[in-house]
Amino acid sequence: MKDLLARTIDLRTGSPEEKREEIRTYFLKTWAIDELLYTQLKGDEVFYHRGDPLRHIILFYLGHTAVFFVNKLYLAGIIDRRINPKFESTFAIGVDEMSWDDLDNNHYDWPPVSEVRAYRDDAKKTILDIIDNTPLEMPIDWENPFWIIMMGIEHERIHLETSSVLIRQLPLELVRPNLFGESCPSSGDAPENELIPVSGGVLRLGKPFDHSLYGWDNEYGNHEEEVSDFKAAKYLTSNGEFLAFVEAGGYETERYWTDEGWSWRNFREAVMPLFWRRDDNGYRLRLVAEEIAMPWNWPVEVNYLEAKAFCNWKSETTGTTYRLPTEAEWYRLHNVARLSDVPQWNIAPGNIGLEHFASPCPVDLFEQGSFFDVIGNVWQWTETPITGFPGFKVHPMYDDFSTPTFDGKHNLIKGGSWISTGNEATLHARYAFRRHFYQHAGFRYIESDAPLKIQQADYVTEEDVTRSCEQNWGESNNGEVNFAVSLAQMAGELLPNRPDTHILDLNADTGRLAFELAKQFHNVTALDFTARMIRVPNQLQEQGYVRYTMKDEGELLFYRDIVLSDYGLSETKEHILFMQADPMNLKPIFSGYDLIILPNLLEELSDPLLFLTNIHTRLNQDGFLLLASTYEWDSEKTPRDKWPGGFKRDGEPVTSLDGIREALEPQFTLCRKPEEITFTLKKSTRTSEQRRVQVTIWKRIE
């Protein structure tokens, strides 16, 4: 198997022909080692067994990695015809069950194994033809067709690992040992664990978009987090250390478990880790294709729920707060261990990438700084549910790689395992699974009294809010000047070089106008009536970014990030006070302003005439009122008798501007000629609505 080992490759340096040959070799080794994995099955009939009752039969995974290549190449327009449309549907979807209690009872018409192998051969020829003959330009980035080839390769390497976990769950009599590398021959008693102090610091997480290694979409972006001092276990938790929890009745004691964990424990009737076995002679450990006497000094392999229960038990029995590390704390461990990333390795510094063993090994074998196994041996569960970093965006050819896991129910695992290859072995790798999920994963506990910092980045999905996000923060159409930017420019012209001016934005919406005003003015108050709107600018101010979805076509969505720093608005965000308030019933504190702006607010009010009659009480003498309105009156929002205009009186037309002028006099005078602004409200990728807004500026003269 040593001849099949390969690391992920640099995509930004070297000549096109050198890189073509590297990618060809990387593909062939990936294809071959994936097929070698399945030689551990005793016969073709085993392909029709399930390793896990909530997962597909093993045959699905043999076909899936080839089908993935073909489907992505077809979607990207690199090939213009399919190889086998039926296979490319059957083997396309269904890899990750989304809950331990959502059984899928659909029936599949599974083909013979020989046909799946023949399909793989055809797909291999197609892929090699693309690698050999497609023009290649350096560097290889998201837009490059060879990125799709790398996507298929790295996807197959993920399944090298996940399929090995499923094979590990097959009955022992269905598999054959010693065909996929050599297991670690060393075992013994567990070492006594100890805690080592780790100083905190500011961590910058996220992979730059020009990084030289292939990455999945969730790796990119920029997130800064401050980590407090903590203590971390020197070793991964070993089978021997975990045994104390088992023997203390940990699996029978509800108070150690989260609600989710206890429900899972009862569902599975778990009494010990999944891969442990017990008979009259004691404990044994199931590996991928064999059982061995329990190696107490190897890392225990459990799901998050079990790891969390262990930490709760240890906290109760010691009186000290133990938990799992966050993603940022794991990165801090990586820093203090002074570990480098894949391109700098001569030999892997841990039990990773199949470079040392085809199994776990003792937790005290690979020293990395003051710790052991910060990377390698088994993955390490963290407390952090996965979400994208600020700046996250999906790759259009694989838009559902990450976003289905951004649900608060998938926790990150870090560090890689003995079989983690390719992208999985890199520093920036970010993989997450349901908390009940089994992988080659264990854990390292830490001692910390610092509150958990969990990044919240759910997608805004309410249609009116997402349309506002797109209109305020999305890309402009055909060079059209952003509506909020235009109003902010007008404000700057009215009050030039007056940074201490007090401004009131009475329809904050999703915040763009307020943030633009804050670049020029130090005292901006922005109010909105609805909590679902005001939470967007609040989150932008607190966290620096917001995520939302927009309709593409039919049931398809696209995913957007608003990153405040991308607009040059993060440095002045503290100049704004965002609050929820009813403009028809403002508190007395909202007074003393030099400029009040009403962006498309009048048509939302129940009584705009009453509002206009009283607005002068909120302004300073010689203050300005900037009105922007479509005059699109809706009798369900504004009773007909409250409209400023848009009707006939005594047989003569009354415009909205006429009615506004009448309501504002004698406290105001119109400063300048009304101005028309156009903005586009996007409803989907191909549907938008163009609106004309009349802007009038009034000066208080009373």
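Once you keep just the Cα pairs under 8 angstrom separated by 6 or more residues, what percentage relative contact order results for the range 287-411? The partial results should precede the final answer.
On the way: 116 pairs, mean separation 33.4, N = 125.
Over the range 287-411, the number comes to 27 percent.
What is the helix-to-structure angle for 327-336, meaning the angle in degrees between its Cα long axis and the longest Cα principal axis of the chain, kept from 0 to 90 and rounded to the nearest 10? Tilt relative to the chain: about 60 degrees.
What's the exposure ranking of R168, R430, going from fewest to most Cβ atoms within 10 Å?
Working: R168 22, R430 26.
With the fewest neighbours first, R168, R430 line up as R168, R430.
Would you mind computing Rg(Cα) / (2.2 N^0.38 Å) for the range 138-177, counting N as its residues? Display every interim value, and only then the final one.
Details: Rg = 16.1 Å, N = 40, 2.2 N^0.38 = 8.9 Å.
In units of the globular-protein estimate, the range 138-177 measures up at 1.80.
Looking at the range 586-702, send over the antiparallel percent of its DSSP beta bridges, to the nearest 5.
Working: 20 of 26 bridges.
Around 75 percent antiparallel, to the nearest 5.
Each of the peptides 266-278, 318-330, 355-367 was scored by the mean count of other Cβ atoms within 10 Å over its residues; in descending order, highest first, they stand as 355-367, 318-330, 266-278. The distance linking the range 187-252 with the range 430-473 is 17 Å (Cα centroid to Cα centroid, whole angstrom).
Ignoring everything except DSSP H segments at least 4 long, calculate the 222 nm mean residue ellipticity for the chain; use -39,500 (n - 2.57) per segment, divide by total residues, nearest 500.
Details: 15 runs with 192 residues, N = 702.
It comes out at -8500 deg cm²/dmol, rounded to the nearest 500.
Relative to the longest principal axis of the Cα atoms of the chain, helix 463-473 runs at roughly 80 degrees. Among the cysteines of the chain, those with no neighbouring cysteine Cβ under 4.7 Å are C311, C469, C671.
Could you list E219, E224, E574 so that the one with the fewest beta carbons within 10 Å of its beta carbon is first and the one with the most is last?
Details: E219 24, E224 13, E574 10.
Least to most surrounded, the residues fall as E574, E224, E219.
In the chain, the longest principal axis of the Cα atoms and the axis of helix 16-37 are about 60 degrees apart.
Gyration tensor analysis over the Cα atoms of the range 314-434 returns equivalent ellipsoid semi-axes of 24, 21, 13 Å (largest first, whole Å).
Remark: C-alpha extents of the range 470-700 on the principal axes read 51, 44, 31 Å, sorted largest to smallest. Counting DSSP beta bridges with both partners in the range 470-700, what percentage is antiparallel, nearest 5? About 60 percent, rounded to the nearest 5. Dimensions of the range 22-163 along the principal axes, based on C-alpha atoms and rounded to the nearest Å, stand at 46, 30, 26, largest first. Listed from fewest to most Cβ neighbours within 10 Å, the set I153, I677, I454 follows the order I454, I677, I153. Scaling against 2.2 N^0.38 Å puts the C-alpha radius of gyration of the chain at 1.15.
Write down the percent of antiparallel bridges among all DSSP beta bridges whose residues are both part of the chain, to the nearest 5.
Details: 60 of 83 bridges.
Of all bridge pairs located within the chain, approximately 70 percent are antiparallel.
Summary value for the chain: 11 percent relative contact order, contacts being C-alpha pairs under 8 angstrom separated by 6+ residues.
Only the coordinates and a few stated rules stand behind these numbers; no lab work does. Small disclaimer: the values here were computed from a predicted structure and weren't measured. FYI the Cβ positions are ideal-geometry reconstructions off the backbone, even for glycines, and counts take in every protein chain you see.
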